[in-house]
Protein chains: 2
Amino acid sequence: MITTENSDALAQRLADSGLRSTPQRGLVYEALLKTRDHPTADELYVRVKSDLPTISLATVYNCLETLVHCHLVRAVNFERGPTRYCPNLQPHAHFHDDDTGETHDIDLPASLLHQVNAVLPGGYHSSSIEIIFRGKSPHRRASATKA
Amino acid sequence: MITTENSDALAQRLADSGLRSTPQRGLVYEALLKTRDHPTADELYVRVKSDLPTISLATVYNCLETLVHCHLVRAVNFERGPTRYCPNLQPHAHFHDDDTGETHDIDLPASLLHQVNAVLPGGYHSSSIEIIFRGKSPHRRASATKA
DNA sequence: CTTGATGTTTAGAATGATTCTAATTCTGTA
DNA sequence: TACAGAATTAGAATCATTCTAAACATCAAG
């Protein structure tokens, strides 16, 4: 599963960001490519440890951060930090402003939800759909307000 | 902002679930309705404390869990638990199987992403879109596999 | 109106993922 | 070879959340 292609891609992407190619980074990436599941840092740590017993959990975290930064890997965890709550029960998406950290509600027409739901292959039944945007929102004032 | 309507709705929903209406639950709900932001449990704790100084953080968590359970409040935090990583760079959504805990990739046509993006009001610019489904997926085998 | 049974709240301890720190090791280049 | 910056490491620290056990409140039955 680890191919010269993948190794090269990794080395190339790292170089693009001015970063070094290291065994640890290679192994973490390799371990990730080897499976179709969505492992946690801890699970990867266990898997990589058999090849490189001296690797530390912190390094696995570091490598993952690097891989995400190089756009070779996607972090499938949506919000870092504490859970937030809202009393808005209408179907809506959330927009996270990268600059201010604010979360805004975005109304979602029912028709769009149907269309999104329609991409599910047969046999899948969703009880909820969560849509999160991330980016820049229009500022009302010069200074940022909270959350 | 706290109206008889809201109080009644709360009492009603609680009753529907066989739960009691308590000052703590009322205050947490009220505090949540009072603002359009998306407060954390900790922020709500601070706000509610001025009305009921003896309330504890654990109670705020409990009340929020109750409100979510009664469908009066939505928890805007997507994944509890550790971050997961995937090397699939194609645009795709994630489907969380409620039964097995597995995460499956769902392909997303570019056209759908454009449509989703189109719901953003003017001035919003998203750099990423995350779509998470939750529900039941078709089982291949009788027993569940991991993650 | 007493007595349970059960539901709630509370403070503080425990958990668990992640990040930080400071020391060590490595690598590429002068 | 030797230095500077990058990377790794182990372990401590952080922080949101959950757990625990005890105290409290409330309702229904006698």
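Bear in mind these aren't lab numbers, they're just calculated from the coordinates by the rules spelled out. Worth saying up front: this structure is predicted, and the values here are computed from it rather than measured. Note: ideal-geometry Cβ built from the backbone for every residue, glycine included; neighbour counts use all protein chains shown.
Cβ crowding within 10 Å ranks A:C63, B:C70 as B:C70, A:C63, fewest other Cβ atoms first. Each stretch of four or more DSSP H residues adds -39500 (n - 2.57); spread over every residue of chain B, this sum gives -11000 deg cm²/dmol at 222 nm. Full extension of the chain between A:V46 and A:H114 yields a length gain of 20.4 nm, computed as 0.36 nm times the residue separation minus the alpha carbon distance. If you run the Gaussian network model on chain A, springs between alpha carbon atoms under 10 Å, then out of A:R134, A:R47, A:R74 the most flexible one is A:R134.
Computed over every Cα-Cα pair of segment B:92-135 and binned at 5 Å starting from 0, the pair-distance distribution P(r) comes out as 6, 19, 25, 19, 14, 10, 5, 2, 0 percent.
Couplings 3J(HN,Hα) for segment A:98-105, derived from phi with the Karplus relation 6.51 cos²θ - 1.76 cosθ + 1.60 (θ = phi - 60°), are 5, 7, 9, x, 5, 10, 10, 7 Hz, where x marks Gly and Pro. Using a Gaussian network model of chain A with C-alpha springs under 10 Å, which one of A:H38, A:H114, A:H71 is most mobile by mean-square fluctuation? Residue with maximal mean-square fluctuation among A:H38, A:H114, A:H71: A:H114.
Sorted from closest to farthest, the other copies place their B:D42 label points 2.1 nm away, with each point set 7 Å from Cα along Cα→Cβ.
Highest mobility in the GNM of chain B, judged by mean-square fluctuation with C-alpha springs under 10 Å and restricted to B:A31, B:A41, B:A110, is found for B:A110.
Roughly how many Å is it from the Cα centre of segment A:91-117 to that of segment A:1-76, as a whole number? Measuring centre to centre over Cα atoms gives 32 Å. 3J(HN,Hα) couplings calculated from phi for segment A:122-136 with the Karplus curve 6.51 cos²θ - 1.76 cosθ + 1.60 (θ = phi - 60°) are, in sequence order, x, x, 8, 10, 9, 9, 7, 10, 10, 10, 10, 9, 9, x, 10 Hz; Gly and Pro show x. In this entry, the protein assembly as shown is assigned a mean projected area of 19.7 nm², taken as a quarter of its C-alpha convex hull surface. Radius of gyration (Cα atoms) of chain B, expressed as a multiple of 2.2 N^0.38 Å: 1.34.
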